[in-house]
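A quick write-up on the structure given underneath.
No value in this document is a laboratory result; all are computed from the given coordinates. Just so it is clear, the model here is predicted, and its values are computed rather than measured. Cβ placement follows ideal geometry from the backbone for every residue including glycine, while neighbour counts extend to all protein chains displayed.
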Amino acid sequence: MRSATMSRRRIVQAAMALLAAVGVTPRARAGAAPPEIRLPERVPVERVDFETKGIEGWTPVDGQWAVEDMPGAPSGTRALVQRATGNAFNVIVAPFGPYSDVDVSMRFKPISGREDASGGIVFRFWEGTYYVVRANALENNFRLYYYDRGRHELATAAVKAPALGQWHTVRVVAIGDHMQAWLDGKLYLDHHDARFKSGRVGLWTKADSITAFDDLTIRGVGVKVS
């Protein structure tokens, strides 16, 4: 019995030594965050803060979108607000792009909602199809979906629900088929999907969410429209 125990111990020790030799332990391997993907430094940047300009040139797909006075907004005293409560999803698309690879961030404040209280970034929007990464103040999750005649979940992570009435940050980076998404500065989602290649960027809410948006920043690799 002692001999068998010693043999098992030597096997475990040998395995641990092998993992250590390549710089990996079981605990580190399980908890290691994926490396962040990054666009080149000189990619053009578009910044929108709604302080001096409205949504002229934007494309509302669904919803009731308007720039409103909002003291305490991250960029000053105005923000873009979505107030429709009867649609399945509310989308507005920014006039920039289209892009292939993007790094997009925005601030959002979930104001109210009984069914939903969400805010999200739409990317690679093209003829009604798109990806969206969203957070919801009524749910403890952070999710990536694609939309093509209906919404389909691609990836999800457990999070602390963003608080109602407070400003939060969502960021997404998409390079080729590789996508990563952050909520309030923490990387939660790392996923691959090659369904959509390029398109424009927008903002998103669901159902009865009344949500404010500010500080939209888009870094993108532009593509030509044929």
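Observations
- Subtracting the Cα-Cα distance of residue 138 and residue 187 from their residue separation scaled by 0.36 nm leaves 15.6 nm.
- Dipole magnitude of the chain, debye to nearest 20 (Cβ charges: Lys/Arg +1, Asp/Glu -1, about Cα centre): 1300 debye
- Radius of gyration and maximum dimension Dmax of the chain, Cα, Å: 21.3, 80
- Per-residue [θ]222 nm for the chain (sum of -39500 (n - 2.57) over DSSP H runs n ≥ 4, rounded to 500): -3500 deg cm²/dmol
- Candidates 109, 53, 206: whichever shows maximal mean-square fluctuation once the chain is modelled as a Gaussian network with Cα springs under 10 Å: 53
- Cα centroid of the range 169-222 to Cα centroid of the range 56-87, whole Å: 18 Å
- In plain terms, the chain from residue 69 to residue 163 could stretch by 31.7 nm, reckoned as 0.36 nm per residue minus the Cα-Cα distance.
- One chain, two ends: residue 195 and residue 153. Fully extended at 0.36 nm per residue, the span grows by 13.8 nm beyond their Cα-Cα distance.
- Here the chain is scanned for GluC sites (Glu not before Pro) in DSSP loops (not H, G, I, E, B) that have at most 14 other Cβ atoms within 10 Å, and the longest stretch holding none of them is 128-226.
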